[in-house]
Structure formats: C-alpha cells, structure tokens
Amino acid sequence: MPTLSSFPDRPRADQLAALRAGLAHSNSARSPAMPFGVSALDERLASHGLDSAGLHEIAAASATLSDDAAATLFAAGIAARFAADPQLSIFWALTQFDLYAPGLEQVGLGPNKVFYAQGQKDNIVLAMAEDALRDGSLACVIAEVRQADQTATRRLQLAASDSRTPMLLYRRHRARERCPLSGLSSAMTRWRIGCLPSARLAHPGVGRARWSIELVRQRNGNPFSLELDACDDKGRLALPAAARHRAASAAGADSQAA
C-alpha cells in the first residue's frame with residue numbers, strides 16, 4: 001500500500017504542473033453526478049447519482065464489526081468507481097489504520113489506487129482531507145472520524161465544491177446508543193449502512209453479501225431505504241436477484257392465468 005512517504009523523489013516542477021493540468025482537465029470533464037447504476041436507487045436521488053463535487057457522509061447502522069465493515073466497503077466501492085480511470089487515485093485519512101486490504105480489493109479498490117495518511121486526532125484528519133481536496137488532483141477523498149462539527153463539514157463541502165472532488169466522510173461510532181449522523185452537518189447526502197442475511201443458494205455456500213442502504217438525508221430530496229446486494233469487484237451495487245425478477249415472474253403468472 002502506498003503511503004505519503006513512499007515516494008521520496010519528488011517530480012520536477014514542470015512535470016508536476018503537467019500532471020495537475022491533465023488531472024484538472026479530467027475533473028472538468030467529469031459528470032456532475034455519478035449514478036450507482038441501480039435505477040431503484042438513482043431515481044430516488046435528487047441528482048440521479050452521487051454529486052461528484054460534494055460532501056457525503058456515511059455511518060454504520062450499529063457499532064458492530066459487521067456493520068462497520070459494510071459501511072467501510074460501501075465507501076470503498078464508491079471511491080473505486082470514482083477512480084476507475086487508471087491514472088486516478090484516492091486519498092484515505094484516518095486516526096487508526098484498521099483497514100483490510102484484501103477486502104478493499106474485492107470491491108475494486110486495489111492497493112495501487114490509494115494514498116493513506118494517519119493522524120493522531122480527528123481535527124488533524126479533517127485538515128489533511130481538506131488539503132487533499134484543495135489539491136484537486138484526486139479522484140476522491142475519504143476521511144474517518146468520530147467527531148466533526150458543522151463548521152468542519154462546511155469547510156469540507158466548500159473544498160469539495162471548489163475542487164470538484166467528491167468527499168466521503170465516514171463517521172465512526174463513539175457510543176453504541178447514539179447514531180453518528182444525529183448531529184448537524186453540511187453534507188449533501190447522509191447514508192447509514194447495515195448488514196442483512198444473504199440469500200440462500202441452491203447449493204452449499206455463502207451467497208453475495210446484502211446490505212441495508214438508508215439515505216437518512218439529502219438536499220432537495222426525500223430519505224429512503226433499500227435492500228441491495230453488496231459491492232462487486234467493480235464497486236457496483238445490485239438489486240437482490242429475487243427482487244430483480246419479481247416483476248417478470250408476476251407477468252408470467254398473469255399470462256398463464258389468462
């Protein structure tokens with residue numbers, strides 16, 4: 001996994017300027033919103049996708065390890081899709097390095113795509129995330145914190161808007177009885193992610209993981225919740241198979257009855 005200290009030889013100023021110019025052009029060509037590719041989800045979003053120039057907050061549905069892992073992989077899958085271009089990378093800042101690299105790679109976020117940075121306190125992590133956003137050369141920025149007030153989220157939202165870089169703020173649980181999304185925030189969307197039992201298979205084995213996806217709040221839109229299959233190796237969510245074929249099955253039953 002690359003870290004900030006992995007590249008001791010700094011490029012020359014002209015090389016750095018050319019790289020930033022190319023990435024700026026890539027950012028300018030980026031769509032205002034990245035759709036999830038699931039119509040049941042995109043149709044309920046005010047932007048018909050995730051705004052690529054805004055702050056989006058994510059929290060686990062509970063303080064359990066399984067929900068924490070689901071929320072982490074949800075963020076990683078989104079970042080992987082923003083960084084689908086081979087030339088783009090993401091920045092991930094946190095106070096405690098507890099990420100599982102093989103798990104991230106299973107949702108499309110390989111170790112060669114991520115720059116990690118570790119700070120001792122939340123305010124340091126937030127400052128690093130803001131600096132990374134304002135650099136403007138990244139496909140996405142992720143920060144993990146336990147506490148961020150409305151002033152901090154406003155700064156992140158402004159930096160994301162100015163640089164046209166998506167910001168994912170993962171709010172970790174501080175207390176088991178209180179949702180991390182209960183406070184005020186300037187985020188454009190706020191998501192709560194939890195684990196659900198996977199579908200039964202026709203043969204012995206473990207089915208694709210399934211998540212509860214709840215949009216707690218969004219600008220210019222309504223909250224909603226869905227049950228979706230977890231991210232695949234490209235970071236893509238999907239409708240559960242039973243739900244995907246339910247309409248077709250119903251139509252077939254009606255035709256037989258006729």
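The values are calculated or read from the model by the stated rules, or taken from the named source; none is laboratory data. Just so you know, these numbers come straight off a predicted model, no measurement behind them. All Cβ positions, glycine included, derive from the backbone under ideal geometry; neighbour counts span all protein chains shown. Keep in mind that these areas ignore ligands, DNA and RNA; they rest on the heavy atoms of the full protein, side chains included. Shrake-Rupley method; radii C 1.70, N 1.55, O 1.52, S 1.80 Å.
Among the candidates 151, 95, which residue alone is surrounded by fewer than 21 Cβ atoms within 10 Å (Cβ to Cβ), in contact with a helix residue (DSSP H, G or I) (Cβ under 8 Å, 6 or more places away or on another chain) and either at pLDDT 95 or above or within 21 Å of residue 183 (Cβ to Cβ) (or both)?
95 is the lone residue from the list that is surrounded by fewer than 21 Cβ atoms within 10 Å (Cβ to Cβ), in contact with a helix residue (DSSP H, G or I) (Cβ under 8 Å, 6 or more places away or on another chain) and either at pLDDT 95 or above or within 21 Å of residue 183 (Cβ to Cβ) (or both).
Identify, by number, the condition in (1) closer than 18 Å to residue 234 by Cβ; (2) surrounded by fewer than 23 Cβ atoms within 10 Å (Cβ to Cβ) that residue 53 doesn't meet.
Tallying (1) closer than 18 Å to residue 234 by Cβ; (2) surrounded by fewer than 23 Cβ atoms within 10 Å (Cβ to Cβ), residue 53 fails exactly one: (1).
Applying the selection to segment 69-106, what residues are small (Gly, Ala, Ser), under 15 Å from residue 171 (Cβ atoms) and outside any helix (DSSP H, G or I)?
The initial filter retains those residues of segment 69-106 that are small (Gly, Ala, Ser), namely 69-71, 75-77, 79-80, 83-84, 89, 93, 101, 103.
Okay, now just the ones that are also under 15 Å from residue 171 (Cβ atoms), so 70-71, 75, 93.
If the condition is that a residue be small (Gly, Ala, Ser), under 15 Å from residue 171 (Cβ atoms) and outside any helix (DSSP H, G or I), then 93 is the only one that fits.
Out of everything in segment 114-133 that is more than 26 Å from residue 215 (Cβ to Cβ) and not in a strand (DSSP E or B), what residue ends up being most open to solvent (accessible area, probe 1.4 Å)?
120
What single numbered condition from (1) touching a helix residue (DSSP H, G or I) at 6+ places or on another chain (Cβ under 8 Å); (2) within 21 Å of residue 50 (Cβ to Cβ); (3) open to solvent by 10 Å² or more (accessible area, probe 1.4 Å) fails to hold for residue 180?
Condition not satisfied by residue 180: (1).
Collect the residues in segment 212-258 that are under 25 Å from the mean Cα position of the chain (by Cα), open to solvent by 40 Å² or more (accessible area, probe 1.4 Å), more than 30 Å from residue 157 (Cβ to Cβ) and at pLDDT 60 or above, keeping them in residue-number order.
Answer for segment 212-258, where residues must be under 25 Å from the mean Cα position of the chain (by Cα), open to solvent by 40 Å² or more (accessible area, probe 1.4 Å), more than 30 Å from residue 157 (Cβ to Cβ) and at pLDDT 60 or above: 233, 239, 241.
Looking at the structure I just gave you, is residue 189 open to solvent by less than 70 Å² (accessible area, probe 1.4 Å), in contact with a His (Cβ under 8 Å, 6 or more places away or on another chain) and hydroxyl-bearing (Ser, Thr, Tyr)? Steps first, answer last, please.
Values: open to solvent by less than 70 Å² (accessible area, probe 1.4 Å): yes; in contact with a His (Cβ under 8 Å, 6 or more places away or on another chain): yes; hydroxyl-bearing (Ser, Thr, Tyr): yes.
Here the answer is yes, as residue 189 does meet what is asked.
Mind counting the residues in segment 34-48 that are open to solvent by less than 60 Å² (accessible area, probe 1.4 Å) and of a type in the set (Lys, Arg)?
Here the count works out to 0.
Checking the structure you have, find out if any residue of segment 156-168 is on the phi > 0 side of the Ramachandran plot, open to solvent by 20 Å² or more (accessible area, probe 1.4 Å) and outside any helix (DSSP H, G or I). Walk me through how you get there before you give the answer.
Our first condition is that a residue be on the phi > 0 side of the Ramachandran plot; within segment 156-168, this holds for 164.
Those still in the list that are open to solvent by 20 Å² or more (accessible area, probe 1.4 Å) too: 164.
After this cut, where a residue has to be outside any helix (DSSP H, G or I) as well, the list is 164.
Yes - at least one qualifying residue is present in segment 156-168.
Go through segment 62-90 and give me each residue that's touching a Phe, Trp or Tyr at 6+ places or on another chain (Cβ under 9 Å) and surrounded by fewer than 20 Cβ atoms within 10 Å (Cβ to Cβ).
Correct list: 69, 88, 89.
Looking at this structure, is residue 144 modelled with pLDDT of 95 or more, in a strand (DSSP E or B) and among the acidic types (Asp, Glu)?
Numbers: modelled with pLDDT of 95 or more: yes; in a strand (DSSP E or B): yes; among the acidic types (Asp, Glu): yes.
Judged against the criteria, residue 144 is a match.
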